[in-house]
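Scroll down for the structure; my scribbles are underneath it.
The values are calculated or read from the model by the stated rules, or taken from the named source; none is laboratory data. Fair warning: this is a prediction, and the values are worked out from it, not measured in the lab. Neighbour counts are summed over all protein chains in view; Cβ atoms, including those assigned to glycine, are modelled from backbone coordinates with ideal geometry. We work out accessible area using only protein heavy atoms, side chains counted, and drop any ligands, DNA or RNA first. Shrake-Rupley method; radii C 1.70, N 1.55, O 1.52, S 1.80 Å.
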Amino acid sequence: QVQLVESGGGLVQVGGSLRLSCAASGRTFSNYAMGWFRQAPGKEREFVAAISRSGGRTHYADSVKGRFTISRDNAKNTMYLRMNSLKPEDTAVYYCAAYGGSRWSTDVVREGYEYDYWGQGTQVTVSS
């Protein structure tokens, strides 16, 4: 099993930046593609970004392209999400997740049900 713990959330002004971290333990981190999802109150969970096992491939939701950057440091068993130019619409609980599937596909990594492990989330609030 994999344990995931998010950190780095907080309250920021519109246009500000945050970096979220997801620390993994329990199994070999590099065996898993990783993703970030978010959920705002009263809304469905939505895909934000994903990164392949080696970090060589990434995929972003249209709503965050050009503003968010996903990365990982396998030596530190940690995944990151740098969020720039934050908007009120980015306010949500952000979750990291680990995907143990055998192939990379944008159709797959966008779907939360494809992921095997989830963190507890970290709150991001963007004030206007």
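How about the range 93-128: which of its residues are part of a strand (DSSP E or B), crowded, with 16+ Cβ neighbours inside 10 Å and either on the phi > 0 side of the Ramachandran plot or not small (Gly, Ala, Ser) (or both)? Val93, Tyr94, Tyr95, Cys96, Tyr99, Tyr117, Trp118, Thr122, Val124, Val126 - these are the residues of the range 93-128 that are part of a strand (DSSP E or B), crowded, with 16+ Cβ neighbours inside 10 Å and either on the phi > 0 side of the Ramachandran plot or not small (Gly, Ala, Ser) (or both).
Quick grid of which residues meet (1) touching a Pro at 6+ places or on another chain (Cβ under 8 Å); (2) at pLDDT 95 or above; (3) more than 15 Å from Arg110 (Cβ to Cβ); (4) open to solvent by 60 Å² or more (accessible area, probe 1.4 Å):
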residue: Gly15; (1), (2), (3), (4): no, yes, yes, no
residue: Ala33; (1), (2), (3), (4): no, yes, no, no
residue: Ala40; (1), (2), (3), (4): no, yes, yes, no
residue: Phe47; (1), (2), (3), (4): no, yes, no, no
residue: Ser54; (1), (2), (3), (4): no, no, yes, yes
residue: Arg72; (1), (2), (3), (4): no, yes, yes, no
residue: Ser85; (1), (2), (3), (4): no, yes, yes, yes
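Going through (1) farther than 23 Å from Gly9 by Cβ; (2) touching a strand residue (DSSP E or B) at 6+ places or on another chain (Cβ under 7 Å) one by one, Ala75 falls short only on (2). Within the range 17-31, the set of residues being within 11 Å of the chain's Cα centre (by Cα) and either surrounded by fewer than 16 Cβ atoms within 10 Å (Cβ to Cβ) or of a type in the set (Val, Ile, Thr) (or both) comprises Arg19 only.
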